[in-house]
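Enquirer: Mind looking over this structure? Questions follow.
The values are calculated or read from the model by the stated rules, or taken from the named source; none is laboratory data. Here the structure is a predicted model, which is why all the values come from computation and not from measurement. A quick note on method: Cβ atoms are made from the backbone with ideal geometry, for glycine too, and the neighbour counts reach across all protein chains shown. When the accessible area is computed, the model is the full protein with side chains, heavy atoms only, and any ligands, DNA or RNA have been set aside. Shrake-Rupley method; radii C 1.70, N 1.55, O 1.52, S 1.80 Å.
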Amino acid sequence: MTAAREVIGSSYMHWAKTRSVAKYNLATSGLGNVKLNELRVSLDDLEITEGGYGYQPLIQSIATRYRVAPEEVVTAAGTTFANHLAMAALIKPGDEILFEHPAYEPMLALARYLGAEVKRFSRRFEDAFQPEDLNRLVTPKTRLIVITNLHNPSGVLIDDSTMKRIGEIARRVGARVLVDEVYMETLFEESPRTSFHLGEEFVVTSSLTKAFGLSGLRCGWILAQRELAKRMWLLNDLFAATAVHAGERLSVVAMQQLEGIRARAKQLLDRNRQILNEFLDTREDLEVVRPEFGTVMFPRVRQGTSERLCELLREKYETSIVPGVFFEMPAHFRIGIAGNTDLLQKGLERLALALDEIRFIRG
Ligand SMILES: Cc1ncc(COP(=O)(O)O)c(C=O)c1O
């Protein structure tokens, strides 16, 4: 077990904030940021002070969108803080949890920071990144199973029947399942599907960050059973007390305008996914599980690791991708398709040059 005090932050987040910026940035996994003046909002829509446990109009918007009761919604600053609040309410130091591999590193670091005894389950490339059978891994001590859907880094979707089965396995030992669904929004469904409806053991986190380019609003939430949601609100009194109210107001306005944002975002992702797929068709030196949805793919180089490729791309070709080492799979790299199409095309041209230069397959 990693002692909580050894966790001093997130290596991935630090890299993303300080090293991922490049002219051709294929490292990001969220849609380009919407500008304030693209939202139809006036100063009269805003206010700066509101007390209590969450802003009811925002809670109501989220509850309606996911077909849940308002008492089952807890708002939080982004999925990041939603994950923190959810895990803090769900686990105590020393609790055994099952965490997917490969994983979104900040969430894994968080579990360790909270003192969990982290056991891993595999989502192998060879299994198209579907989770292995958890029956073999749960024990009576397991308190929580943590999973992302869509999966970060592969973008793969887990269907409801597999997720239900994970829920049943958790229920058998009295554990919960925490599902980070931040990328599920990129399916752009009007009433988005959520595993929250699959059983009482499910706790779900998400936000407006990835699919809508609204990261700056920090509009995140947790869907949880009422008693658990109440526990999270009380715990939040120790963390954030209340949210930035102007942000809550802006989030309500944004939620009313998701339809327009959604149409643009979906068109962009469909086009860009096709471009990346066509590029991958031309590369014998890469293997990839191709997801149907989402903003990322996680290819693997056929020999060695992707480290040199990432460095060469950055230093010579002004292009960034995410080294697989951040997901504990150094042969892979994560590539994002959420930027504008021209940038993606130019970035892929550079990726082709860098791959040709390294020659992962020697002829
Ligand atoms: C799985 C996952 N959860 C959460 C986040 C962060 O989301 P937010 O900006 O809503 O905090 C990310 C960002 O990359 C992510 O990949």
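Enquirer: Condition (residue is open to solvent by 30 Å² or more (accessible area, probe 1.4 Å), at pLDDT 95 or above, closer than 27 Å to Ser215 by Cα and touching a Leu at 6+ places or on another chain (Cβ under 6 Å)) applied to the range 92-106: is it met by at least one residue?
Expert: No, every residue in the range 92-106 fails to be open to solvent by 30 Å² or more (accessible area, probe 1.4 Å), at pLDDT 95 or above, closer than 27 Å to Ser215 by Cα and touching a Leu at 6+ places or on another chain (Cβ under 6 Å).
Enquirer: Also, I was wondering about something else. Can you name the residue in the range 2-15 that is assigned to a loop (DSSP other than H, G, I, E, B) and loosely packed, with under 15 Cβ neighbours inside 10 Å and, of all such residues, is modelled with the highest pLDDT? Step through it out loud before you land on a result.
Expert: Kept after step one, since they are assigned to a loop (DSSP other than H, G, I, E, B), are these residues of the range 2-15: 2-3, 7-10.
Add one more test, that the residue is loosely packed, with under 15 Cβ neighbours inside 10 Å, and what stays is 3, 8-9.
Numbers: Ala3: 57, Ile8: 82, Gly9: 94.
Ranking the candidates gives Gly9 first.
Enquirer: Look at Arg67 and say whether it is open to solvent by 30 Å² or more (accessible area, probe 1.4 Å) and away from the ligand (no atom under 16 Å from the Cβ).
Expert: yes
Enquirer: Provide a single number: the residues in the range 16-44 that are farther than 27 Å from Arg350 by Cα, open to solvent by 60 Å² or more (accessible area, probe 1.4 Å), more than 23 Å from the chain's Cα centre (by Cα) and not polar (S, T, N, Q).
Expert: 5
Enquirer: Go through the range 146-165 residue by residue and tally those that are away from the ligand (no atom under 14 Å from the Cβ), open to solvent by 10 Å² or more (accessible area, probe 1.4 Å) and touching a residue at least 24 places away in the same chain (Cβ under 8 Å).
Expert: Restricting attention to the range 146-165, the residues satisfying the condition of being away from the ligand (no atom under 14 Å from the Cβ) are 159-165.
Right, trim to open to solvent by 10 Å² or more (accessible area, probe 1.4 Å) and you get 159-162, 164-165.
Now narrow it down to the ones that are touching a residue at least 24 places away in the same chain (Cβ under 8 Å): 160, 162, 164.
The total comes to 3.
Enquirer: Identify, from the list Arg193, Arg218, the residue that is closer than 18 Å to Asn149 by Cα and open to solvent by 10 Å² or more (accessible area, probe 1.4 Å). Spell out the reasoning first.
Expert: Working: Arg218 fails: closer than 18 Å to Asn149 by Cα.
Unique residue meeting the criteria: Arg193.
Enquirer: Another question about this same structure. Looking at Glu248, Glu259, which is the one that is out of contact with any strand residue (DSSP E or B) (no Cβ under 6 Å at 6 or more places or on another chain), among the acidic types (Asp, Glu), open to solvent by 10 Å² or more (accessible area, probe 1.4 Å) and more than 19 Å from Pro70 (Cβ to Cβ)?
Expert: Glu259
Enquirer: What pairs can you find where one residue is in the range 120-137 and more than 14 Å from Pro291 (Cβ to Cβ), the other is among the aromatic types (Phe, Trp, Tyr), and their Cβ atoms are less than 8 Å apart, with a gap of 6+ or different chains?
Expert: These pairs meet every condition: Arg120/Phe99; Phe121/Phe99; Pro131/Phe121; Glu132/Phe121; Leu134/Phe121; Leu137/Phe121.
Enquirer: A follow-up question, please. Looking only at the range 323-347, how many residues end up being within 25 Å of Phe129 (Cα to Cα) and either among the aromatic types (Phe, Trp, Tyr) or surrounded by 20 or more Cβ atoms within 10 Å (Cβ to Cβ) (or both)? Full working, then the answer.
Expert: To start, the set of residues in the range 323-347 that are within 25 Å of Phe129 (Cα to Cα) comprises 323-339, 344.
Subsequent filtering for residues that are either among the aromatic types (Phe, Trp, Tyr) or surrounded by 20 or more Cβ atoms within 10 Å (Cβ to Cβ) (or both) retains 323-324, 326-327, 329, 332-339, 344.
Residues meeting the conditions: 14.
Enquirer: Please go through the range 317-363 and give me each residue that is of a type in the set (Phe, Trp, Tyr), under 21 Å from Lys17 (Cα atoms) and in contact (Cβ under 8 Å) with a residue 40 or more places away in the chain, ordered by number. Show your work before the answer.
Expert: Filtering the range 317-363 for residues of a type in the set (Phe, Trp, Tyr) gives 317, 326-327, 333, 360.
Those still in the list that are under 21 Å from Lys17 (Cα atoms) too: 317, 326-327, 333.
Residues satisfying the conditions are Tyr317, Phe326, Phe327.
Enquirer: Within the range 332-347, work out how many residues are assigned to a helix (DSSP H, G or I) and under 20 Å from Ala265 (Cβ atoms).
Expert: Total meeting the criteria: 6.
Enquirer: From the list Leu280, Leu276, Leu238, which one is over 28 Å from Arg120 (Cα atoms), at pLDDT 95 or above and open to solvent by 50 Å² or more (accessible area, probe 1.4 Å)?
Expert: Leu238
Enquirer: Of the residues Phe81, Phe129, Phe121, which is of a type in the set (Phe, Trp, Tyr) and assigned to a loop (DSSP other than H, G, I, E, B)?
Expert: None of the other options fit; the residue is Phe129.
Enquirer: What do you reckon, is Thr205 out of contact with any Phe, Trp or Tyr (no Cβ under 9 Å at 6 or more places or on another chain), in contact (Cβ under 8 Å) with a residue 12 or more places away in the chain and either more than 16 Å from the ligand (Cβ to nearest atom) or not small (Gly, Ala, Ser) (or both)?
Expert: Criteria not met by Thr205.
Enquirer: Is the range 221-233 home to any residue that is modelled with pLDDT of 95 or more, within 11 Å of the ligand (Cβ to nearest atom) and under 30 Å from Arg300 (Cα atoms)?
Expert: There is no residue in the range 221-233 that is modelled with pLDDT of 95 or more, within 11 Å of the ligand (Cβ to nearest atom) and under 30 Å from Arg300 (Cα atoms).
Enquirer: Assess whether Arg120 counts as being surrounded by fewer than 22 Cβ atoms within 10 Å (Cβ to Cβ) and either within 14 Å of the ligand (Cβ to nearest atom) or under 20 Å from the mean Cα position of the chain (by Cα) (or both).
Expert: yes
Enquirer: Continuing with this model, one more query. Search the range 179-194 for residues that are more than 16 Å from Val296 (Cβ to Cβ) and pair each with any residue that is more than 10 Å from the ligand (Cβ to nearest atom) and assigned to a loop (DSSP other than H, G, I, E, B) when their beta-carbon atoms are under 7 Å apart and the residues are at least 6 apart or on different chains.
Expert: Partner pairs satisfying both residue conditions: Ser191/Arg67.
Enquirer: Please pick out the residue among Arg171, Arg143 that is of a type in the set (Lys, Arg), more than 16 Å from the ligand (Cβ to nearest atom) and part of a helix (DSSP H, G or I).
Expert: Answer to the check: Arg171.
Enquirer: Let me ask something else. Evaluate the range 310-322: report whether one residue or more is touching a Gly at 6+ places or on another chain (Cβ under 7 Å) and open to solvent by 60 Å² or more (accessible area, probe 1.4 Å).
Expert: Within the range 310-322 (the criterion being touching a Gly at 6+ places or on another chain (Cβ under 7 Å) and open to solvent by 60 Å² or more (accessible area, probe 1.4 Å)), the answer is no, since none of the residues qualifies.
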